[in-house]
Every structure is written in structure tokens, then in C-alpha cells.
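The values are calculated or read from the model by the stated rules, or taken from the named source; none is laboratory data. All of these numbers come straight from a predicted model, not from anything done at the bench. Backbone-built Cβ (ideal geometry, glycine too); neighbour counts: all protein chains shown. Each accessible area value is taken on the protein alone, full model and side chains, heavy atoms only, with ligands, DNA and RNA left out. Shrake-Rupley method; radii C 1.70, N 1.55, O 1.52, S 1.80 Å.
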Amino acid sequence: MTAIDLNADLGEGFGRWRLTDDEQLLSVVTSANVACGFHAGDAATMRRVCELAAARGVTIGAQVSYRDLAGFGRRAMDVPPAELAAEVAYQIGALEVFARAAGARVAYVKPHGALYNRVVHDEEQARAVIDGVLLADASLPLLCLPGSRLLELAAGAGLPAVTEAFADRAYTDEGTLVPRGRDGAVVTDPEAVVERSVGLARSGVVTAYSGARVQVRARSLCLHGDTPGAVDLARRVRERLLAAGVRVEAFA
């Protein structure tokens, strides 16, 4: 039976402000990408989400990013490799404290936003992320885009790596994500998202922005928690996957 992990970005709040419905999404997903304070999140939020995830048996992952609270981690930045490696390790370590306090652990790492897109092609920044993960815990898998430099370099560094797909994002013919600033970059039709989810899980194929059929082999499927109706959509995706005979379980 085909197996797929469902991951979502959680803990994306700061102080009294909250972006995602963490409690409800944690009843659907199998892996939680928890913001570690650089693009969103703070100590209290990180602790709360780790406690909720541990109580529900959801795997905890560190969602690391550029230091960019004002831009939500989505602005392009040039960070020296040694500094970026240290900041990646710092974020993982901060989340690990709260995960362990909740009786769990950080089980994987996923870059966020501009950093995620940068390490698809940028070897220097990808190596810096890998160095940061190695500094924190060399056993942690990296969650990344198929065909990315990060995926390739992680394998060369002996780091486990897991591929993921996005049912609500448009793809190029090369299998990369269409930049968010372009019209149609985000798939907003709920039924289309559900159908794409099943197609990605069962056949590893998605219809690209151009209309071409593109192969995107992935073990994990990302469900964005900051879109309108995110919880209901996540439930529909999970229900349709199960109905299609896909086993929904964490990869780590």
C-alpha cells in the first residue's frame, strides 16, 4: 500500500498574534513543521505546539529560516554560510528543548520560505543548511524538494533526506515551484487541491503550470496552514487519500 506523510507549517504566530489553527491541524497532519522564531514563532508558541503535537502523536520537525520576522521569511537574503549554518543549528536546538520537555524530540528539519527556494539551486546556501543540521544532529532527515541541490548535497554528506510535494502550489515543467508572485502560483480551488493530493500520492505526477504532466516523487505532502479554510481542506485531503487506499503516516 502506498504511504504518504502529511506535513503542515505550524506555530506561525508571535505573541498574541496567531496565523495557523495549530490545534485543529494537529488532528489531521502526521508531521508538524514548527516555526523556530526566525520567521515566526516565539518561546511560548514553540512550547505550546510541541506539547500539542506530542499529545497527539504528531512528529515534530524544525522549520528553519532566514532571520526575517518582518517579511515572514519570504524575502531574499544573503547570509554568509558560516552564519547561516550557526543560525540553522540554533533554531533546531531551541525547538529541541521544548520537544524534549513535551516527551518528544525534533525528528527532522525543513527550510522555510525564501531559504527553501534558495537551496533548490544555490549550492553555497544548501551546504550551509546541511552544515547547520550536522552541527545540531547528524541523524536528522532533511525535508526538501525533489531534484534540489539540497537533496543532492544531503546525500553526499550522509544526511538522510526525504522529498515532499505541494498540492496547492503550481509547478514548472522542471518540477520546481512557480514563484508566489506570479498569477496562479497558488492553487485555490479546494477540489483541485484534493485531486492533486491523491495524484501525487498514488502516481507521483502533477499537472504543471503549462499543462504538462510532471513527475514529482514524494514521501511527504505539504498542506499550508495559512490559507483560508486550511483545516477543512486538510481533512478533505486526508479523507480522500484514505478512501483511495493511501496509508497516511509520518516518515520519521
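Computed over neighbours whose Cβ is under 10 Å from that of ARG105, the net charge equals -1, Lys and Arg +1, Asp and Glu -1. In vacuo Debye scattering of the range 168-217, one point per C-alpha: log10 I(q)/I(0) at q = 0.20, 0.23, 0.26 Å⁻¹? Those come out to -0.61, -0.81, -1.01, one per q.
Here the relative contact order of the chain, from alpha carbon pairs under 8 Å that lie six or more residues apart, stands at 22 percent. A cut-off of 5 Å between modelled amide H atoms, ignoring neighbours fewer than 5 places along the same chain, links LEU10 with ASN33, VAL34, ALA35. Remark: accessible surface ordering of ASP9, ASP137, ASP131 (largest first) is ASP131, ASP137, ASP9, probe radius 1.4 Å. With R₀ fixed at 25 Å, the C-beta to C-beta distance from THR2 to GLU123 puts the FRET efficiency at about 0.15. Residues in the range 20-101 average 39 Å² of solvent-accessible surface per residue, probe 1.4 Å, ligands and nucleic acids excluded.
Taking every pair of alpha-carbon atoms in the chain, what share in percent sits in each 10 Å bin, from 0 to the bin with the longest distance? Cα pair-distance distribution for the chain, in percent: 8, 34, 39, 18, 1.
Take every Cα pair under 8 Å whose residues are at least 6 apart in sequence, average their separation, divide by the length of the range 50-132, and the relative contact order is 43 percent. To the nearest 10, the accessible area of GLU96 is 40 Å² with a 1.4 Å probe. Largest GNM mean-square fluctuation among ARG182, ARG236, ARG48, using the chain with Cα springs under 10 Å: ARG182.
Accessible surface calculations at 1.4 Å, restricted to protein heavy atoms, place the range 154-197 at 44 Å² per residue.
Note on the chain: helix-only mean residue ellipticity at 222 nm, from DSSP H runs of 4+ residues weighted -39500 (n - 2.57) and normalised by residue number, equals -12000 deg cm²/dmol. Taking only the Cα atoms of the range 116-252, the radius of gyration and Dmax are 15.5, 43 Å.
Separation of the range 151-167 from the range 18-97 is 19 Å, based on Cα centroids. Take every DSSP beta bridge whose two residues both sit in the chain; close to 20 percent of them are antiparallel. Be a star and scan the range 148-165 for residues whose amide nitrogen sits under 11 Å from the point 7 Å along the Cα-to-Cβ vector of THR172. No residue passes the distance filter. For the range 20-37, putting each phi into the Karplus relation 6.51 cos²θ - 1.76 cosθ + 1.60 with θ = phi - 60° gives couplings of 10, 8, 4, 4, 6, 5, 6, 8, 10, 7, 10, 9, 10, 8, 8, 4, 10, x Hz, in residue order, rounded to whole numbers and with x for Gly and Pro. Per-residue Karplus couplings for the range 155-170, computed as 6.51 cos²θ - 1.76 cosθ + 1.60 with θ equal to phi - 60°, are listed in order as 4, x, 8, x, 8, x, 9, 10, 8, 9, 10, 10, 6, 9, 10, 6 Hz, Gly and Pro entered as x.
Close amide H partners of ALA170, meaning residues 5 or more places away or on another chain with modelled amide H under 5 Å apart, are VAL178, VAL186, VAL187. Other residues lying with their Cβ under 13 Å from the Cβ of VAL133 contribute a combined charge of -2, Lys and Arg counting +1, Asp and Glu -1.
The H on the amide N of VAL216, modeled in the peptide plane, is under 5 Å from the matching H of VAL205, VAL206, each at least 5 residues off or on a different chain.
With all protein chains in place and a 1.4 Å probe, the accessible surface of the chain carries 50 percent carbon and sulfur. When ARG67, ARG196 are compared by accessible area of protein heavy atoms, the largest-first order is ARG67, ARG196, using a 1.4 Å probe.
Taking θ as phi - 60° and the Karplus parameters 6.51, -1.76 and 1.60, the scalar couplings of the range 215-223 work out to 7, 9, 7, 8, 9, 10, 10, 8, 10 Hz in sequence order, x denoting glycine and proline.
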